[in-house]
Amino acid sequence: MKTFISILAITLLSACSSIVTMDGNTTQVHDLNDMDKDGVIVARERCNDTVMGATIDNYGCGKVKPIHERSELKILFENDSYYIDPMYYDQVEVIAQFMNEFPNTQVTIEGHCSKTASYEHNLTLSQNRADAVTSLLSERFSIAPDRLTAIGYSYDRLVDESGTDMAHTRNRRVIAEVTGDDTTADMKWHIYTVDEEVK
């Protein structure tokens, strides 16, 4: 055993004596800068224009999530009417601005009615309400008609079935659902991130 330890000690000491020192400067082969400040060096970077703060993979490419936004437009229709008062145009403009920001998106406008007349009458009325919104998007806000779809649901999707005047008002509504091939950056969590509202 003593012989083994002696041989091991001699081997280790002889290895130490063969250390090579480097005189002069060395050349850095790879670029170690992080030009877009995403935490990935240039030598590894494959995506130079990642949105600041986006979640990225090991090559600096941002992760994305598909667009699927659904919101109720706060347009109050009069009973048996599909006229949109100009005071509600700003509601429609929000949809138009979003679609202009993401040019490969489409929107489906859903028209809904209260349960105060026949199903067929309300089906036509709800379709007219949806058509009124898509016409406004096209004619006033210059969204291409082939990006717009209008569907009337009559009173198939009531949000309030109590039958009160307030219920009828709530049920006379339009919903905008924006979907598309465009994607939005999936942003990293940080100390200023606001939690989503729990429903």
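The values are calculated or read from the model by the stated rules, or taken from the named source; none is laboratory data. Because the structure is predicted, anything quoted here is derived from the model rather than measured. These area figures cover heavy atoms from the full protein model, side chains too; ligands, DNA and RNA do not enter into them. Shrake-Rupley method; radii C 1.70, N 1.55, O 1.52, S 1.80 Å.
Here are the numbers for this structure:
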item: Exposure rank, largest accessible area first [F77, F98; 1.4 Å]; result: F98, F77
item: Exposure of L158 as accessible area (Å², to 10), given a probe of 1.4 Å and all protein chains; result: 40
item: Solvent-accessible surface ranking, highest first, for S154, S135 at 1.4 angstrom; result: S135, S154
item: Protein-only accessible surface order, largest first, of T3, T50 at 1.4 Å; result: T3, T50
item: Accessible area of D80 in the full protein assembly, 1.4 Å probe (Å², nearest 10); result: 90
item: Area of V94 that stays accessible when all protein chains are in place (1.4 Å probe, Å², to 10); result: 90
